[in-house]
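Heads up: the structure comes next, in structure tokens.
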Amino acid sequence: MDNITHTLTGALAAKLIETRTIRSKDSRNEKRTIFWLLLLCANLPDIDVVLNFLGDPVFSLKHHRGITHSLLFAPLFALLPAALFYGMTTVKNLKLLWVVALIGILVHIVFDLITSFGTQLLSPLSDTRYATDWMFIIDPLFTGVLALALTLGRVVSRHKNVFLIIGGLFVIGYLSAELICHTIAIRRLEGVIRHDDIAATSISALPQPLSIFRWMGLIQLENGVLQTFFSVLNDDKLEFKEFKNAQPEAFGIAQTRDDRVALSYLKIFRHPWVQSYTEGDHHIVEFRDLQFSIDPSLLRLIGLAERPMPFILRYEFSADGEVLAVYLNERPVPQQ
């Protein structure tokens, strides 16, 4: 999830809990401290973006949403900002600061979990990625309503609690609606698989931007992926586009699939599309991720050009099969 929304969810959580935690005479200072601590911690797990500066894009991708997003590590992680605020502010209740920091971190983890990238909840014991696939990574409606509720709570201070409660209820209602729509989308795909007797190895219903009713369906096959875009509000027959993988015996396919970089890539992404082709004097093997595709008709509707698939892993081979270079999103991957 984007950091603007993380900040707003942290702010809403801070406002909802501050009246129930503050009992001292210096309540204004404590409220301010709790507010800024929670805002910090609602964004803190994304400190793992510093891995991007290490020069290995595969390493940073592999460990993004790793230990800093782990439920197991969160209690220990929360001690750091709690100790920082304990030393830098007049609030000397370390337990309170730790609880507030932990809440902020957990809020961040939950709102990453509902997107599709995947979060390593049990790191470092497991690198399995969990995702509920309810919300697109950026949701202007969700973010806008949160911002409105917080703004009204500040401007109309006499009814602040009313607007904060409305904001909290909106979050619960919106996530519930997304859960329902996701369930309907999954059942639509399961119905197609049963009706057409498709030998699927896995399926995903992934949210599209700007509407909780628009979804992308992906059906993984042994040698490719079926993709469709649809609305849960109608029962139109689903039309699929097939993305066929290169044949296992195609140039470079066996070699790349056994490579550590490709293995890391395939562990992160659920619906890769693998191609093998020539380009000038070089031979290319590409892994393209389908799970973050956006409906081309939606892009045309809002006046945007169709974007390339993200997270492209590209191997360049010489004619005799030597790996010349490996790139992820056009960034070179260091060779071992």
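Would you check which residues across the stretch 123-140 are aliphatic (A, V, I, L, M) and under 22 Å from Q291 (Cβ atoms) and list them?
Answer for the stretch 123-140, where residues must be aliphatic (A, V, I, L, M) and under 22 Å from Q291 (Cβ atoms): A131, M135, I137, I138.
I want to confirm something. Restricting to the stretch 59-111 and keeping residues that are among the polar types (S, T, N, Q) and within 30 Å of V326 (Cβ to Cβ), which single residue is surrounded by the fewest Cβ atoms within 10 Å (Cβ to Cβ)?
Ranking the qualifying residues of the stretch 59-111, first place goes to S60.
Which condition does W134 not pass, out of (1) touching a helix residue (DSSP H, G or I) at 6+ places or on another chain (Cβ under 7 Å); (2) assigned to a helix (DSSP H, G or I), if it passes all the others?
That leaves (2) as the condition not met.
Would you tally the residues in the stretch 66-94 being at pLDDT 95 or above and either at positive phi or β-branched (V, I, T) (or both)?
2
Of all residues in the stretch 211-222, which are surrounded by 13 or more Cβ atoms within 10 Å (Cβ to Cβ) and either free of Cβ contacts under 8 Å to residues at least 40 places away in the same chain or under 16 Å from H182 (Cβ atoms) (or both)?
S211, I212, F213, R214, W215, M216, G217, L218, I219, L221
So for the stretch 101-117 (the condition being modelled with pLDDT under 95 and either under 30 Å from E30 (Cα atoms) or assigned to a helix (DSSP H, G or I) (or both)), does at least one residue qualify?
Checked the stretch 101-117: no residue is modelled with pLDDT under 95 and either under 30 Å from E30 (Cα atoms) or assigned to a helix (DSSP H, G or I) (or both).
Return the total of residues in the stretch 228-261 being among the polar types (S, T, N, Q) and either part of a helix (DSSP H, G or I) or crowded, with 20+ Cβ neighbours inside 10 Å (or both).
Number satisfying all stated conditions: 2.
Would a scan of the stretch 208-220 turn up a residue that is farther than 21 Å from I294 by Cβ and either of a type in the set (D, E) or in contact with a Ser or Thr (Cβ under 7 Å, 6 or more places away or on another chain) (or both)?
No, there is no match, as no residue in the stretch 208-220 is farther than 21 Å from I294 by Cβ and either of a type in the set (D, E) or in contact with a Ser or Thr (Cβ under 7 Å, 6 or more places away or on another chain) (or both).
Looking only at the stretch 136-153, which residues are under 17 Å from H182 (Cβ atoms) and out of contact with any strand residue (DSSP E or B) (no Cβ under 6 Å at 6 or more places or on another chain)?
I137, D139, L141, F142
Under 24 Å from I138 (Cβ atoms) and in contact with a helix residue (DSSP H, G or I) (Cβ under 6 Å, 6 or more places away or on another chain), is that true of V232?
yes
Check whether at least one residue in the stretch 194-201 is within 23 Å of the chain's Cα centre (by Cα), surrounded by fewer than 19 Cβ atoms within 10 Å (Cβ to Cβ) and either outside any helix (DSSP H, G or I) or modelled with pLDDT of 95 or more (or both), and report yes or no.
Within the stretch 194-201 (the criterion being within 23 Å of the chain's Cα centre (by Cα), surrounded by fewer than 19 Cβ atoms within 10 Å (Cβ to Cβ) and either outside any helix (DSSP H, G or I) or modelled with pLDDT of 95 or more (or both)), the answer is yes, since at least one residue qualifies.
Show the residue pairs that are 6+ apart or on different chains and have beta-carbon atoms under 6 Å apart, the first residue being within the stretch 301-327 and surrounded by fewer than 11 Cβ atoms within 10 Å (Cβ to Cβ) and among the charged types (D, E, K, R), the second being at pLDDT below 95 and in a loop (DSSP other than H, G, I, E, B).
none
The values are calculated or read from the model by the stated rules, or taken from the named source; none is laboratory data. Quantities reported herein were computed from a predicted structural model and do not represent experimental measurements. So basically every Cβ, Gly included, is an ideal-geometry build from the backbone, and we count neighbours across all protein chains shown.
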